[in-house]
Amino acid sequence: MNTDQLIEQARSRFEHAAARRLLKEKYEAKMVFAHNGGMWRAGPELQTTLLTCPGNTAVILDLYENPVQVDTKQLLAMSQQRWQEQMNAWLVEYDALGQQR
C-alpha cells in the first residue's frame, strides 16, 4: 500500500466513525417527548422504572429532575412506542451507512 491509499483508508474510517456518532445523536434526540407536564426520554431506564412502580399512578422525576405524577401504564405505552419506532429507523440508517463503507 502506498501512502495515499493509507491516508484514504484512515480518512474513510474517521468519516464512518463520525457518521455513526451523528446518527446516534440524531436518534437520541428523537427519543425525548413530553407527557403530563414533564419531559421524558424513551428507553430501558424509563420503562424499567415504570414497570417497577406499583399501581397505575406514580410520582417520578422527569429529565429535568422535576417530580411529575403520571399514569404509569400510559407513559409506558408511549415510551415503548417511541423507543421502537426510533430504534427501527436508526437500524435502517445504520445498515445503509454500513453498506456505504
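The values are calculated or read from the model by the stated rules, or taken from the named source; none is laboratory data. Note that the structure is a prediction, hence the values are computed from the model and not measured. Please note: Cβ atoms are built from the backbone with ideal geometry, for glycine as well, and neighbour counts cover all protein chains shown.
Annotation: of all residues in the range 35-68 being touching an Asp or Glu at 6+ places or on another chain (Cβ under 9 Å) and surrounded by fewer than 12 Cβ atoms within 10 Å (Cβ to Cβ), the one that is nearest to R82 (Cα to Cα) is G37.
The C-beta contact set for the range 2-27 (first residue under 18 Å from Q99 (Cβ atoms) and among the hydrophobic types (A, V, I, L, M, F, W, C), second residue at pLDDT 70 or above and assigned to a helix (DSSP H, G or I), distance under 6 angstrom, 6+ apart or interchain) comprises A19/L97; L23/E93. Filter the range 38-88 down to residues that are hydroxyl-bearing (S, T, Y) and assigned to a helix (DSSP H, G or I) and give me whichever is nearest to E28 (Cα to Cα). Step by step, filter the range 38-88, then rank; the result is S79.
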